[in-house]
Amino acid sequence: MENQKRLYSDVVIIGAGLSGINMACQLQRQLCVSDYVIYDRARELGGAWAANKYPGCSVDIPGALYSLSWFPNPNFTSLFPSQKEILSYIQRVARTSNVTDHVELQIEWKGAQWVESSGTWHVSLRNLRTEEEFLHEAKVLVSAVGGYTNPKFPILPGLDTFEGPVVHTAKWNKEYDLRGLNVAVVGNGCLFTYDSPVVPAVIDEVNSLTQFIRSPQYYVPMPMGNYRFGRVLRACFCYIPLTLLLIRWLVFWILDTTLGQFYNDSKGDILREERASRSRKYIAENAPERYWPLLTPGYDLGCRRRILDNHYIRSLRSPRMNLVKDSISQVDSKSVVTRSGEKYPVDFIVSCMKKDNFISHADGFEFTQWKADSVIGRRGKSLKQIWDDRGGIGAYKTVAMNEFPNMFYLLGPNSGSGHTSVLFAIECSVNLVIRIARPILQRQASIVEVCKGAEIEWCDTIQTALSKTVLTRSCSNVSYLPIIVMNHAPADDLQ
């Protein structure tokens, strides 16, 4: 440790996705801070959108709202942009704002420790190319690591004997060729997109596709069939910016009105039943009748993020398609065997799961983005120890923790939402961090830390709010919460 290379910056940001890039941009724009560095273990910046390149990958929020408020994008070619267009947008934001000069890729975050004597964070890092480990000291540490960073593969008996590829959608290689193969898709969802886009994207080229599911989901038709913007309309967005701004606010308003469906009151019950009825009608009109029981959830609508259907339900009519609600009990060299004893020939296995849709095979993502075991605050206690002592995970307004001064989380606990764009939460969190960190970075203070009482009160408020929602009545294993991030912090909550 004594011989480790040591660096210093005013700010260290972990994660080069939308959160980290927006944080860097606002440091420059609002505080004129340029002494920062962004570390990311990936080979290119873009976060989850750089990692997930599987067929059909797309966003389930209209692009006008799935973009930064201060950097609108008139170049999206459809209402719900593809992964390629989202990634191009993220990288353009970074280039235009000169953030790319501050990004260090293929560097893995190992942990961090608060050093009381210097009032700084010592961030432990490892260069994935050289295996060299080093420390980077910083006044302010910001974790902008998203939840979709650690793919978790299925735990299936015999999987090690399977002769073909076993691929998680977050590790897709563009060289994969599924033409003429018997493909198994484990799970019925893919990351932050409308449901199972990999299925309709490949169904016409495979020999057969068997999808193993456990939990049905609520499907709704994609608005306007994922309407494509022509050149004239994109020119209007470019040369009349107010047009794009109005669309953004319209989308925000429409999505925000759906928040009521989460609440355990008469209005919430009515809204949920209306939307559930529409979903059942959509399935009855578009899916093969034999699959209706597999596409009809037994839980309340609102427990999980609704699924925008873009050709998935239609793909169930393909003679190549087989939808199965049967647990996998065994994998052989060239087949999959289910608990009922059915055997399916398979050449290629795809794990395709969303964070709010766990199944018995235990695939999806491991949520270790907070590095709770490896982030050490005051008194030498880890974040995990603090959370264990307090009976659960929480953070003041989702970004700050008592006993962890000058450290902030973007997309922290309870920052997610089941009804609107995550970028709204990101921007609110970034603006709050900027306000809190301002006195440190302007050399007006050395330490800023949220008071314990304020953090506990905030977390209690969140739990009280959750107790009034559908999540406490008929939901389990659900990670999307209907909580709106607030972008202000009373001065007396900080010390």
Please pull out the direction-averaged projected area of region 15-104, using the convex hull of its alpha-carbon atoms, in nm² to one decimal place.
5.7
Just the projected area, averaged over all directions, of the convex hull on the alpha carbon atoms of the chain: how many nm²?
24.5
Take every Cα-Cα distance within region 201-333, group them into 5 Å bins from 0 onward, and report for each bin the whole-number percent of pairs it holds.
2, 8, 13, 16, 15, 13, 12, 10, 6, 3, 1, 0
For the chain, the longest principal axis of the Cα atoms and the Cα long axis of helix 241-256 enclose an angle in degrees, to the nearest 10, of 70
Considering the alpha-carbon set of region 304-352 alone, what are its Rg and its Dmax in angstrom?
13.3, 36
Give me the dipole magnitude in Debye, nearest 20, for region 228-345 about the Cα centre, with unit charges on the beta carbon: positive for Lys and Arg, negative for Asp and Glu.
540
Rolling a 1.4 angstrom probe over the protein heavy atoms, how many square angstrom per residue are accessible across the chain?
43
Just how large is the dipole of region 17-78 about the Cα centre, in debye to the nearest 20, putting +1 at every Lys and Arg Cβ and -1 at every Asp and Glu Cβ?
80
For the residue pair residue 133 and residue 245, what label-to-label distance in nm results when each label sits 7 Å from Cα along the Cα-to-beta-carbon direction?
5.1
For Cα pairs less than 8 Å apart in space and 6+ apart in sequence, what is the mean separation divided by the residue count of the chain, i.e. the relative contact order in percent?
20
I want to verify the translational diffusion coefficient of region 110-265 in µm²/s; compute it with Stokes-Einstein, Rh as the Kirkwood radius over Cα pairs, at 10 °C and 1.306 mPa s.
73
Using a simple charge model, +1 on the beta-carbon of Lys and Arg, -1 on the beta-carbon of Asp and Glu, nothing else, what dipole does region 156-284 show about its Cα centre, in debye to the nearest 20?
560
Which whole-Hz ³J(HN,Hα) couplings does region 279-289 yield from phi under the Karplus relation 6.51 cos²θ - 1.76 cosθ + 1.60, θ = phi - 60°, glycine and proline marked x?
5, 4, 5, 4, 5, 4, 7, 10, 9, x, 4
Give me the percent of accessible area attributable to carbon and sulfur for the chain, probe 1.4 angstrom.
51
For residue 84, which lysines qualify as cross-link partners when the Cα separation must be under 26 Å and same-chain residues fewer than eight apart are set aside?
53, 152, 171, 174, 354, 355
Could you tell me which residue out of 301, 313, 328 lies farthest along the dipole of region 276-359 toward its positive end? Charges go on the beta carbon: Lys and Arg +1, Asp and Glu -1, centred on the Cα centre.
301
Order these peptides, 12-22, 382-392, by their mean beta-carbon neighbour count within 10 angstrom, highest first.
12-22, 382-392
Which order do the peptides 132-141, 393-402 take when ranked by the mean count of other beta-carbon atoms within 10 Å per residue, highest first?
393-402, 132-141
For residue 325 and residue 256, what is the calculated FRET efficiency with R₀ set at 56 Å and r taken between the beta-carbons, to the nearest 0.05?
0.95
Say the dipole of region 20-161 comes from +1 at the beta carbon of Lys and Arg and -1 at that of Asp and Glu; which of 122, 57, 78 then lies farthest toward its positive end?
78
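The values are calculated or read from the model by the stated rules, or taken from the named source; none is laboratory data. This structure is a prediction, so every number in the text was calculated from the model and none was measured. Glycine gets a Cβ as well: all are built from the backbone with ideal geometry, and neighbour counts include every protein chain shown. Surface areas here come from the heavy atoms of the whole protein model, side chains and all, with no ligands, DNA or RNA. Shrake-Rupley method; radii C 1.70, N 1.55, O 1.52, S 1.80 Å.
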